[in-house]
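Novice: Before anything else, here's the structure in question.
The values are calculated or read from the model by the stated rules, or taken from the named source; none is laboratory data. Quick caveat: nothing in here was measured; it's all calculated off a predicted structure. Neighbour counts are summed over all protein chains in view; Cβ atoms, including those assigned to glycine, are modelled from backbone coordinates with ideal geometry.
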Amino acid sequence: MYSDIVDLCERLKLTEGEQQEVEIHEEDVRWTLEKSKKCIMACVLADKEINRNAFRNTLIKVWQIEGKADITDMRRNKFLIAFTYYVDKNRVMHGRPWTFDKFLICLVDYEDVAFPKEMQFTKEPFWIQCHDLPFACMNYGTGERLGNSVGQVLRVETSGGGSSWGKFTRFKIFHDITKPLARGRFLTLGVLHEKLPNFCYTCGIINHMAGNYRKLEWESSRTNSLSPQYGAWLRA
């Protein structure tokens, strides 16, 4: 419905009177601009329309914020969330990734005068575990290089002295959800994703399920021509 209205408006030929520009004054938007700094846009990457009331109730319960969070339905699976306090917004953003019914909730910082329809929900932070590294490679520098090969590194978890000795090296990255999940690197390192939501087992992309590939999977199972390239084993 919304996209149909946008397409219709773009095809309209306005009269000279309708083309008259309306000037927006700074004092008219000063209050709303300040309020927008405590807002985020959320998009639930689900193949179906979610239950809005269940979504609101779940977030309020899980986030455990100090103030209120007003959640406004924008359009299909997209919401504007306005917090009372900055600290609550920061806590939610730093606690990513969040899921609802195992579907990823992609969050975008509200950008003042940005148009909601132009906001891109394409990146979300994830903690990544890199397994089977030699002890000599379990450090901040190697973790940063490995992280940058997967996405944009936000943090590398280390102990004192910059080492990350343990069962795995752990780093947080911005993952481009339009691209397949990382399964490993040429060093033959296993990669596991924490809090991983539903994703497509056929192509490895988060923002859709494998419904469109059922025929392909059925045919490959008959011929044994295609082994699973992604699966639940990517979850930490």
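Novice: Checking CYS200 against (1) modelled with pLDDT of 80 or more; (2) loosely packed, with under 12 Cβ neighbours inside 10 Å; (3) within 26 Å of the chain's Cα centre (by Cα), which test does it fail?
Specialist: (2)
Novice: Condition first: of a type in the set (S, T, N, Q) and closer than 29 Å to CYS200 by Cβ. Now tell me which residues in region 93-151 satisfy that. Walk me through how you get there before you give the answer.
Specialist: Residues of region 93-151 that are of a type in the set (S, T, N, Q), as a first pass: 99, 120, 122, 129, 139, 142, 148-149.
The answer is THR99, GLN120, THR122, GLN129, ASN148, SER149.
Novice: Just to check your reading of the model, which residue among THR178, THR169 is within 23 Å of ASP47 (Cβ to Cβ) and at pLDDT 90 or above? Reasoning before the result, please.
Specialist: Numbers: THR169 fails: within 23 Å of ASP47 (Cβ to Cβ).
None of the other options fit; the residue is THR178.
Novice: Please go through region 101-140 and give me each residue that is closer than 23 Å to THR178 by Cβ, in contact with a strand residue (DSSP E or B) (Cβ under 8 Å, 6 or more places away or on another chain) and of a type in the set (D, E, K, R), ordered by number. Steps first, answer last, please.
Specialist: Within region 101-140, the subset closer than 23 Å to THR178 by Cβ is 101-111, 114-130.
Subset that is in contact with a strand residue (DSSP E or B) (Cβ under 8 Å, 6 or more places away or on another chain): 103-110, 116, 119-130.
Selection gives ASP109, LYS123, GLU124.
Novice: So which residues in region 134-164 are over 25 Å from ASP109 (Cα atoms), surrounded by 13 or more Cβ atoms within 10 Å (Cβ to Cβ) and in contact with a helix residue (DSSP H, G or I) (Cβ under 7 Å, 6 or more places away or on another chain), if there are any at all?
Specialist: Across region 134-164, the qualifying residues are ASN139, TYR140, THR158, SER164.
Novice: Select, from LYS48, LYS35, LYS78, LYS68, the only residue that is more than 30 Å from VAL156 (Cα to Cα), touching a Ser or Thr at 6+ places or on another chain (Cβ under 9 Å) and not assigned by TED's automatic domain parsing to the domain that holds ASP176.
Specialist: On the way: LYS48 fails: touching a Ser or Thr at 6+ places or on another chain (Cβ under 9 Å); LYS35 fails: touching a Ser or Thr at 6+ places or on another chain (Cβ under 9 Å); LYS78 fails: touching a Ser or Thr at 6+ places or on another chain (Cβ under 9 Å).
Sole residue among the options that is more than 30 Å from VAL156 (Cα to Cα), touching a Ser or Thr at 6+ places or on another chain (Cβ under 9 Å) and not assigned by TED's automatic domain parsing to the domain that holds ASP176: LYS68.
Novice: In region 138-147, which residues are touching a residue at least 12 places away in the same chain (Cβ under 8 Å) and either assigned to a helix (DSSP H, G or I) or within 18 Å of the chain's Cα centre (by Cα) (or both)? Give the derivation first.
Specialist: Let us first name the residues in region 138-147 that are touching a residue at least 12 places away in the same chain (Cβ under 8 Å), namely 138-144, 146-147.
Answer for region 138-147, where residues must be touching a residue at least 12 places away in the same chain (Cβ under 8 Å) and either assigned to a helix (DSSP H, G or I) or within 18 Å of the chain's Cα centre (by Cα) (or both): TYR140, GLY141, THR142, GLY143, GLU144, LEU146, GLY147.
Novice: Go through region 171-200 and give me each residue that's over 16 Å from GLY95 (Cα atoms) and part of a strand (DSSP E or B). So that I can check it myself, show each step before the final result.
Specialist: The first filter runs over region 171-200 and keeps only residues over 16 Å from GLY95 (Cα atoms), leaving 176-192, 198-200.
Hits for region 171-200 are ASP176, GLY184, ARG185, LEU189, GLY190, VAL191, LEU192.
Novice: Another question, if that's okay. Pick out, from region 29-133, the strands (runs of 3 or more DSSP E) lying fully within it that include 1 or more residues that are touching a Pro at 6+ places or on another chain (Cβ under 9 Å), surrounded by 13 or more Cβ atoms within 10 Å (Cβ to Cβ) and at pLDDT below 90. I'd like the intermediate steps shown before the answer.
Specialist: Values: elements: 39-44, 69-75, 78-83, 98-100, 103-109, 123-131.
The qualifying strands (runs of 3 or more DSSP E) are 69-75.
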